[in-house]
1. Taking 8 Å as the Cα distance limit and 6 or more residues as the minimum spacing, I'd like the relative contact order of the chain as a percentage.
2. If I compute solvent accessible area with a 1.4 Å probe over the protein chains, what percent of it on the chain is carbon and sulfur?
3. What fraction of the Cα pairs in the chain, stated in percent, has a spacing above 22 angstrom?
4. Identify the GluC sites (Glu not before Pro) of the chain meeting these criteria: DSSP loop state and at most 16 other C-beta atoms within 10 Å of the C-beta.
5. Keeping all protein chains in the complex and leaving out DNA, RNA and ligands, what accessible area do you get for Arg45 with a 1.4 Å probe, in Å² to the nearest 10?
6. Give me the accessible area per residue for the chain, probe 1.4 Å, as a whole number in Å².
7. Give me, ordered by chain and number, the residues 5 or more places off Ser60 or on other chains with an amide H under 5 Å from its own placed amide H.
8. Using a basic spin-label model with each label point 7 Å from the Cα along Cα→Cβ, how many nm lie between Arg72 and Ser9?
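The values are calculated or read from the model by the stated rules, or taken from the named source; none is laboratory data. Just so it is clear, the structure is predicted and the values come from calculations on it, not from any experiment. Methodologically, a virtual Cβ is constructed for each residue, glycine included, from the backbone with ideal geometry; neighbour enumeration extends over all protein chains shown. To get the accessible areas, we keep the full protein, side chains included, count just its heavy atoms, and leave off ligands, DNA and RNA. Shrake-Rupley method; radii C 1.70, N 1.55, O 1.52, S 1.80 Å.
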Amino acid sequence: MEGFDERLSRIEQMLVVLVERETVRDWYTTDEAARHLGKAEFTVREWCRLGRIRAEKRKSGRGAFAAWVVSRDELLRYQREGLLPERRA
């Protein structure tokens, strides 16, 4: 049988996951956006690169390269309307 401390620890871990999932932010990394949308991070990065969703490049604090970030408003727009049309070369 599971002890009180073990059960409490498991409950605390579940609460952390719930709080992280429900935290509303203005900007999301491609990894966070992918989790919200149920897609692979690679897919979201490609959509950013191809202009299929509106995103910005920002310094990530992980070296010299900027990383894509997607706004909360854009995530909501995508959920309502889908991908933007492909850009013609």
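1. RCO, the chain: 27 percent.
2. Carbon with sulfur: 52 percent of the solvent-accessible area.
3. It works out to 40 percent of all Cα pairs.
4. Answer by residue number: Glu2, Glu86.
5. Here the accessible area works out near 90 Å².
6. 81 Å²
7. Ala67
8. Each label point lies 7 Å from its Cα, and together they span 3.4 nm.
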